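Each remark here refers to the structure printed beneath this line.
The values are calculated or read from the model by the stated rules, or taken from the named source; none is laboratory data. Because the structure is a prediction, the values reported are computed rather than measured. Don't worry about glycine lacking a Cβ; one is built from the backbone with ideal geometry, like all the others, and counts go over all protein chains shown.
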Amino acid sequence: MSDAPTLVKCLVWDLDNTLWRGTLLEDHEVVLPEEIRRTIVELDARGILQAVASKNDHDHAWQQLEALGVAEYFVLPRIGWHPKSRSVKEIADGLNFALKTVAFIDDQPAERAEVAHHHPEVRCFDAALAAELTGLPEFSPAVVTVDAARRRSMYQAGFRRTAEREEFTGPDEAFLRSLDLVMEIKRADDADLSRVEELTLRTSQMNATGVYYSDADLRALIADPEHEVLTVSLTDRFGPHGAVGVLLVGYHERVWHLKLLATSCRVVSFGAGAVLLDWLIGEAAAAGVHLAADFRRTDRNRMMEIAYRFAGFTDAACDCLAELRSADADADADADAGAAGSGRAGIEFRHLVADRRPAPTTVRVDAPALGPVASTGSAGSTGGAGA
Ligand SMILES: [Zn+2]
């Protein structure tokens, strides 16, 4: 087995004699050992979600978790009298996680066997190993991103948001307005890069170009005054959605070249893709340039094709595209043969004569003014000048 083990994305805890010492319904008092508390806090900081599957009275057990000061660390607690295999499955489904990314820890061999029998993909651990979990490779992500460290609070905000949406009876637009959505578009810096990488990998169905840019590709382009690497995050009154999009734009004299546009499928229902395209089109209009977007049809990016068409992009010819084709030919000649994205096999242009767009009604956009930086060498300054 030379392959690294699949990372655990959620650990499901039993309570009695696993998370705490003692049995809630029999003992006067249960104790949370310090090494278990440390494990919970550390896994949380690594972006590993934690849930509870316990056979107990729900309110009694939850109050105990609150009294021990750890209730906030858990999502989707399943405390009741049904089989734990069912609880584990409900937790995985509620998080939209594959069972092979879920682990379960319990002191009772019979409970572990029951879960393993129904869900052989779930990794089951004996409670005796609890304090050692943080040392195992399956609980040790290589990189802990900003979003990973606050993943749990993003999920908790997501559950509150969904619950409120289900209760909301007015039109969808009114609900979106009630969220106070703010989209922040910013020039990517080093700290953003791992989030960008995570996003382009995870959201291939929303990658409009079907062209993959590696961490190194994007890192090199951040410093390039001819290119703009932008990250997009979304926040609402429930909390942050985290990094939800990435754009790569190449500047040319008469046309801006949208080389990468990827958005998270988590924010499709907020219309994030359309807001982003409209913002970019408005910036191009202000600069007096056309826009050309790379597009390669895959079996998973049909939604982005529709978004382009809806925004007004067409496959009509334009003189400005010749400028892009010659620039690409130069770049290809320079690039390593192995560089990702080199060559334009199967990539078409979608073109648009940019016009100003009305501001979105459901999202406030907080973004820098775009445009190539004058040849002073100070690329990527704050761009805070009046919009
Ligand atoms: Zn044009």
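Quick notes on this structure:
- GLU253 vs. criteria surrounded by fewer than 19 Cβ atoms within 10 Å (Cβ to Cβ), within 16 Å of the ligand (Cβ to nearest atom) and either under 18 Å from ARG187 (Cβ atoms) or touching a residue at least 12 places away in the same chain (Cβ under 8 Å) (or both): yes
- Exactly one residue among THR39, THR23 is part of a helix (DSSP H, G or I) and of a type in the set (S, T, N, Q), and that residue is THR39.
- ARG309 vs. criteria basic (Lys, Arg), more than 15 Å from the ligand (Cβ to nearest atom), in a helix (DSSP H, G or I) and modelled with pLDDT of 75 or more: yes
- Residue satisfying condition, being free of Cβ contacts under 8 Å to residues at least 40 places away in the same chain and surrounded by 15 or more Cβ atoms within 10 Å (Cβ to Cβ), within set ARG151, ARG112: ARG112
- Of the residues making up segment 59-83, those that are over 21 Å from ILE36 (Cα atoms) and either assigned to a strand (DSSP E or B) or of a type outside the set (Phe, Trp, Tyr) (or both) are ASP59, GLY80, HIS82, PRO83.
- Condition check for ASP14: surrounded by 13 or more Cβ atoms within 10 Å (Cβ to Cβ) and in contact with a helix residue (DSSP H, G or I) (Cβ under 8 Å, 6 or more places away or on another chain): yes
- Pairs linking a residue in segment 275-290 that is in the same structural domain as HIS351 (by TED's automatic domain parsing) to a residue that is among the basic types (Lys, Arg), with Cβ atoms under 7 Å and 6 or more positions apart or on different chains, are ASP278/ARG357; ILE281/ARG357; GLY282/ARG356; GLY282/ARG357; ALA285/ARG356; VAL289/ARG254; HIS290/ARG254.
- Listing of helices (runs of 4 or more DSSP H) fully contained in segment 88-193 that carry 2 or more residues being more than 23 Å from PRO5 (Cα to Cα): 109-118, 151-167, 172-178
- Residue identified as more than 12 Å from the ligand (Cβ to nearest atom), not in a helix (DSSP H, G or I) and not basic (Lys, Arg) among ASP294, ASP278: ASP294
- Single unsatisfied condition, VAL70 versus (1) surrounded by 16 or more Cβ atoms within 10 Å (Cβ to Cβ); (2) over 18 Å from GLY94 (Cβ atoms); (3) modelled with pLDDT under 95: (3)
- Condition met for ALA92 (within 17 Å of HIS119 (Cβ to Cβ) and in contact with a Leu (Cβ under 6 Å, 6 or more places away or on another chain)): yes
- So ALA327, is it within 16 Å of the ligand (Cβ to nearest atom) and at pLDDT 90 or above: no
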